[in-house]
Every structure is written in C-alpha cells, then in structure tokens.
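Structure, as structure tokens:
The values are calculated or read from the model by the stated rules, or taken from the named source; none is laboratory data. Everything numeric here is computed off the predicted structure, so don't read it as measured data. Please note: Cβ atoms are built from the backbone with ideal geometry, for glycine as well, and neighbour counts cover all protein chains shown. Areas reflect the complete protein model, heavy atoms only, side chains present, ligands, DNA and RNA absent. Shrake-Rupley method; radii C 1.70, N 1.55, O 1.52, S 1.80 Å.
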Amino acid sequence: MSERIAPTRTPAFEARLKKRYAAERRFKALGLGAIMFSVAVLVFLLGTMALNGLGGFQRVEMDVPIDFTQAGIAADPATMQQPGAIQSLEAQGLRDVVQFFAQQELGEEAAAELGAQAWRDVGAAIIADPAILREQVTFSLPASADLASGYQGEGSQDMRALAQRLDAEGRIAKNFDPGFLSRSDATNPQQVGIWGALKGSMLTMLVTLLLAFPIGVLAALYLEEYAPKNRWTDMIELSINNLAAVPSIIFGLLGLAVFLTLFPNLRSAPVIGGMTLALMTMPVIVIAGRNAIKAVPPSIRDGALAIGASPVQVVFHHVLPLALPGILTGTIIGMARALGETAPLLMIGMRAFVATPPDGFTSPATVLPMQIFLWSDEIDRGFVERTSAAIIVLLLFLLVMNGLAIYLRNKFEKTW
C-alpha cells in the first residue's frame, strides 16, 4: 500500500491562499456591513415615523363641565338609536348649550376657540348613554386648529399666550384621540380621521385580489401546462414580462380611458380603483405563478399520470397545490405594491375629498396612500403629525396583510 504524499506548499501557493482567504473575509465583512446598514436605516425610518406619528394619535382638548340638569334637553332612549338623533339634539339647542357652559367655565376668549364640531362629541356621548342628561359631566372637547398650534408653541402670539394660560389652569391638554381611527377626512386637523381612507383601501384591495389572483393563476397554469410552444405564445410571454415593468401611471391612464369610459358614474369608486390596480398586479402574479409551477419536479406529474390521473387532475390536484406557496409569494409582492400606489388612482379621481366612509364598492372613496399624499401637502403642523400617524397605520395594515399571506403560504407549503 503506497503512502499518500501531501502536496508541497510553495511560497507562491501560500501567498495565493492567503490572498483568497483575505478576499473571503472582506466579502463577509461587506455583507455584514450591508445588513447592518439596512437594519440601521430601517430602525431610523421606523423610529422617525413613530416619534412624529405619536402626536398624530393625539389632539388638543379643553375640559368643559356641562350641567345637563339646567340645559333643558330631553332625549328618549328609544329614539336615540335612530339615524336622525344627532339632528334632534341640534334642534334642541345642544350646540348653544355647549357654547354657553364653555363660556361660563373657560371665559369668552377661550370658548371662542372651541372646535366648531365639538358639540357633536357631546351629542355622541348622549346617544351612547342618554342617562347623562340627568347629571353634570365634564367633557374633553377638541380645541380649534389655531389654539392647538398655539399649545404646541406655534401660531400667533395671542394663541400661544391663551394656550399657556389654559395650561397653567389645567384646562387644556393633549390627549389620545380614539376618533382618529373612526372618523373620515376633514378640513380641520383636530377633526380628521383615517377610517374613510382605510375602508376605501380595504375595499379596493379586495377588488384587486378577487380579480388579479384567479385570473393570474389561471393564466400561469395555461401558459405553463397547456399553451403550445410557438411564436404567439412567445409574444404573449414577452408582453407579460414587459407589462410587469411598465410605470404604474400608465395603468392609471388605461383605467381612465377604459373603465371610466364604460362606467362614467363610478369615478373614484373602489371597484374602478380595484380593477385598475388588478391590471398592474396581474403580470407579477403570472410571472411568479409560472416560476412556481415550473419548480414542481416532473416526477410529480409522471407519478400522478402513472396511477391513472387525468391531465386536469394532475394540474389541479398535484401541481397547483405544490406551487401555491410560490404563487402566494408573488401575490404578496404584487398586493404590497398595489397597496402603496397613488399614481394610478390619481388618474381615476380617487384624490377627492371624501368626508364620509364609503358604503360599498361603488361609493366615492379614497385610499390611505392618497390620504397621506393630500395631508402631506398641508402646511399646518397638525396635518404633519396626522400624516405620520397615517403612515404608521398604513405600515400596520401592510404587515397584517402580509402576515396573513405568509400564514396561508406556510399552511399550504409541502415538501417532496
């Protein structure tokens, strides 16, 4: 048995080996540095949004005690749940009652800076619990936008002085505003909310998913499993690949030219926005679906055919379930892109001022990215904080949507 002779390491070989190891260490360091830099940028972005957005979930409020035993307002609990309850309270002078007690408690100057819609908060409390009409209750009511700016050290000198006086007396504070999540758009930063835009985003994304996902998956199945390999199929594949790289505003122009021509009365409706975004999302789903279907081993198909399955059963009982995780990954990417789009929706009129949440898929609506775009154009500091808060809600909405998709992907994922 011959002995194994170890290779002789010459100085040149040692130098090349040392150089190769050094290059490998540099590559690892660069990779680690890139990851750390990405994490630092992400932390900075999220930290900045959190710091700026925390104020957006709050609003400046003044404490106003109201003695309803002297107000002369009557409310039947049975009628308080009817649609016209708030108008009934207004007709009984609730607006004047709130203003009277505000002047009595805060003074005429401070009462004049009470929010114009503050009485509606009192009315909502009465509708929720008519028993308070027999009590004396202290409400935290929104201040005007000018007084809110003064409370934060901005605005005119008179507003800053008034805010300082009220703050010293303990009559004004910046409190958490739960109504920000339940109100819609308004011209006053103290009264705005995101529910209208959030509901519009949900309806638009639902239409997008219901259109883009089944059509995209079926198109991918046909092109990969059934379509003949010829010049026309190659042209279709090339067109789909090009559509995935087309700027999003082009799809907005297409939606304006086609969908609004066919349905002119549905301008800014979620169904039109969803159809427009579905056109943009579909190529991404088709490409991801084809790659996922192609990744299924041929042995799966051969084994299914060998035990007597028909070609259709092979595709829908074996290939599609195994490719579904990859298809869902492409869907996540496409839907995440669609959720943050504003350019296509600008073209179909979804930048409209919508003060009430949409009732359905055909009602006028806006979406969260568009709401953020509109608020960011305002110069009032209150809108700046509301913009950051809306961005946080948008990120949370995106995380929830992606988390659900990842859960479904992991649930259907199989190994072979």
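Note the count of lysine pairs whose C-alpha atoms are less than 16 angstrom apart in the chain, limited to pairs 8 or more residues apart or on different chains.
Final tally of qualifying lysine pairs is 4.
Taking a probe of 1.4 angstrom, what is the accessible area of LEU211 in Å², to the nearest 10?
LEU211 exposes around 60 Å² with every protein chain in place.
Assuming a viscosity of 1.306 mPa s and a temperature of 10 °C, what translational diffusion coefficient in µm² per second does Stokes-Einstein assign to the chain, Rh being the Kirkwood radius over Cα pairs?
60 µm²/s
Figure the gain on full extension for LEU42 and ASP167 (residue separation times 0.36 nm, minus the Cα-Cα span) and round it to one decimal in nm.
Residue separation times 0.36 nm, minus the Cα-Cα distance, leaves 41.3 nm.
Got a number for the accessible area of THR387? Probe 1.4 Å, square angstrom, nearest 10.
Probe radius 1.4 Å; accessible area of THR387 about 10 Å².
For the stretch 341-416, I need the span (max minus min coordinate) of the C-alpha atoms along each principal axis, in Å, sorted largest to smallest.
Here the spans come out as 57, 31, 22 Å, largest first.
Ignoring ligands, DNA and RNA, please state the percent of accessible area on the chain from carbon and sulfur, probe 1.4 Å.
Ligands and nucleic acids excluded, carbon and sulfur give 63 percent.
Quick check for you: with a 1.4 Å probe and neighbouring chains kept, what is the accessible area per residue of the stretch 260-386, in Å²?
43 Å²
Would you kindly give the portion of the calculated P(r) for the stretch 281-393 that falls above 23 Å, as a percent of all Cα pairs?
53 percent
Between the stretch 376-393 and the stretch 22-57, what is the C-alpha centre distance in whole Å?
If we compute the Cα centre of each part, the gap is 24 Å.
Ignoring ligands, DNA and RNA, how do LYS294, LYS18 rank by accessible area with a 1.4 Å probe, largest first?
LYS18, LYS294
Which whole-number percentage describes the relative contact order of the chain, with Cα contacts under 8 Å and a sequence gap of 6 or more?
The normalised contact order for the chain reaches 20 percent.
Under a 1.4 angstrom probe, counting protein chains only, how are TYR226, TYR151, TYR407 ranked by accessible area, largest first?
From most accessible down to least: TYR407, TYR226, TYR151.
Can you work out the FRET efficiency for the pair ALA355 and LEU305, with r the C-beta to C-beta distance and R0 = 56 Å, to the nearest 0.05?
Calculated transfer efficiency: 0.40.
Quick one: ranking ARG9, ARG381 by accessible area, 1.4 Å probe, largest first, what do you get?
The ranking, largest first, comes out as ARG9, ARG381.
Rounded to the nearest 500, what is the chain's calculated 222 nm mean residue ellipticity when only DSSP H runs of at least 4 contribute -39500 (n - 2.57) each, over all residues?
After summing the helix terms and dividing by residue count, I get -20000 deg cm²/dmol.
What figure in square angstrom, to the nearest 10, would you give for the accessible area of PHE412 with a 1.4 Å probe?
Answer for PHE412: close to 90 Å² accessible.
Quick one: grab Rg to one decimal and Dmax as a whole number for the stretch 284-343, Cα atoms only, in Å.
Looking at the stretch 284-343, its Cα Rg and Dmax stand at 14.6, 52 Å.
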